[in-house]
Amino acid sequence: MQTTSLGPLTVSRLALGAMLMGDKTPVDESHRILDRFVDAGGTLVDTADTYGAGRSEEVLAPWLARRRDEVVLATKVRFETSEPAGAGLAPDRIRAACDASLRRLGTDVIDLYQLHAPDPDVPLEETLEALDGLVRAGKVRAIGASNFPAWLLAWAVALQDRNGWAPFVSLQAQYSLVERSVEVEALPFCRAAGLGVLPWGPLGAGFLTGRYHRDQAMPDGSRMATAADDLEEAPARRAIERNFRVVDAAEAIAAERGATVAQVAIAWLVGVDGVAAPILGPRTFAHLEDLLGAAGLELSDAERARLEAPAPPPELYPQRMLTEQVGLERVTGPLRRG
């Protein structure tokens, strides 16, 4: 499997998400999935302290006791947990949450510690200085953000540059063929600032597997079947005609290439400039086996265009005007010095 860099970290071009481990995925199967991922050349394993109220981190611990040196370990802080109690990004809570994650994971260092979302109740400077302290203390090797809008991410990066604090090396954001809003501002900013993008939801909560069909009820047991209206995978938001046209294109390309729809969707993301590693979230060992096939699939420009045509990112001012008039889309590399 190919690799790329996130600041000081070298990571595989596919990441493994552990959100379901210890919950919908039993412990034994979780460890089989982890072994298979690493044996296939994968290195980046992503979790969060809030997944299963800490259970995901606990499930990883005995496996990490065997293979810690083979992986880049990522976790997150922000949302409600019981240890430490509460939520948010106040400095004291960040420090306590990091220590709690280290204990649950059974390790002495977190390779990539990510802010799971912004906290409007805490000054950004206080949060970023606390993260810098964790890096200086040797508890964290690098830091990243998740679910940050581009304007806030840019502000954070500027504060880090100005104060000499540990910099963000990544942005974990929702990104798939059926959710491309990140292309308007966040992805171009990450390219210009030198941050790698880690897409979550790369299959659109399972929509990009070919499992869902027009004018048919959501399959029993699927995420969309029980998704509330305020969730990203709510049927009214996801199961719309333009998205079904994306699936049509993916199914045609999959048939032509002897691949699966999921493999095509992941391969498309891997080929996006600025994307470091889509985060795979398999529930079963068989799901992982399918998704690993994306590592060897490279799509042509024509195939990429067919996939992209049905559901483009929204056209907004001033991005559309500047793309047409000054070639703003040509900014694909770091513009920062140092």
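The values are calculated or read from the model by the stated rules, or taken from the named source; none is laboratory data. Quantities reported herein were computed from a predicted structural model and do not represent experimental measurements. We place every Cβ from the backbone using ideal geometry, glycine too, and count neighbours over all the protein chains shown. With ligands, DNA and RNA removed, areas are computed over all heavy atoms of the protein, side chains included. Shrake-Rupley method; radii C 1.70, N 1.55, O 1.52, S 1.80 Å.
Within region 293-325, the set of residues being in contact with a helix residue (DSSP H, G or I) (Cβ under 8 Å, 6 or more places away or on another chain), free of Cβ contacts under 8 Å to residues at least 24 places away in the same chain and among the hydrophobic types (A, V, I, L, M, F, W, C) comprises L322 only.
Applying the criterion of being outside any loop (DSSP other than H, G, I, E, B) and among the aliphatic types (A, V, I, L, M) to the residues of region 298-316, the residue that is surrounded by the fewest Cβ atoms within 10 Å (Cβ to Cβ) is A302. Of all the numbered requirements in (1) under 15 Å from the mean Cα position of the chain (by Cα); (2) free of Cβ contacts under 8 Å to residues at least 24 places away in the same chain, R162 misses one, and that requirement is (1).
Just one residue in the set E183, E129 is of a type outside the set (G, A, S), surrounded by 16 or more Cβ atoms within 10 Å (Cβ to Cβ) and in contact (Cβ under 8 Å) with a residue 40 or more places away in the chain; that residue is E183.
The single condition from (1) open to solvent by less than 40 Å² (accessible area, probe 1.4 Å); (2) of a type in the set (G, A, S); (3) within 14 Å of G106 (Cβ to Cβ) that G41 fails is (3). The residue that is least open to solvent (accessible area, probe 1.4 Å), counting only those in region 79-118 that are hydrophobic (A, V, I, L, M, F, W, C) and farther than 27 Å from T43 by Cα, is L89.
Being at pLDDT 95 or above and surrounded by 22 or more Cβ atoms within 10 Å (Cβ to Cβ) narrows it down to one of A286, A295, A262, A255, so name that one.
On the way: A286 fails: surrounded by 22 or more Cβ atoms within 10 Å (Cβ to Cβ); A295 fails: surrounded by 22 or more Cβ atoms within 10 Å (Cβ to Cβ); A255 fails: surrounded by 22 or more Cβ atoms within 10 Å (Cβ to Cβ).
A262 is the lone residue from the list that is at pLDDT 95 or above and surrounded by 22 or more Cβ atoms within 10 Å (Cβ to Cβ).
Screening R141, R136 for residues that are open to solvent by 70 Å² or more (accessible area, probe 1.4 Å), touching a strand residue (DSSP E or B) at 6+ places or on another chain (Cβ under 6 Å) and charged (D, E, K, R) leaves exactly one candidate, R141. The set of residues in region 33-86 that are in a strand (DSSP E or B) and either aliphatic (A, V, I, L, M) or in contact with a Lys or Arg (Cβ under 6 Å, 6 or more places away or on another chain) (or both) comprises L44, V45, V72, L73, A74, V77, A85. When region 151-172 is limited to residues that are in contact with a strand residue (DSSP E or B) (Cβ under 9 Å, 6 or more places away or on another chain) and part of a helix (DSSP H, G or I), the one that is surrounded by the fewest Cβ atoms within 10 Å (Cβ to Cβ) turns out to be L152. Cβ-Cβ contacts under 8 Å between residues 6 or more apart (or on different chains), taken from a first residue in region 144-157 that is closer than 17 Å to Y175 by Cβ to a second residue that is open to solvent by 40 Å² or more (accessible area, probe 1.4 Å) and in a strand (DSSP E or B), are listed as S146/W200.
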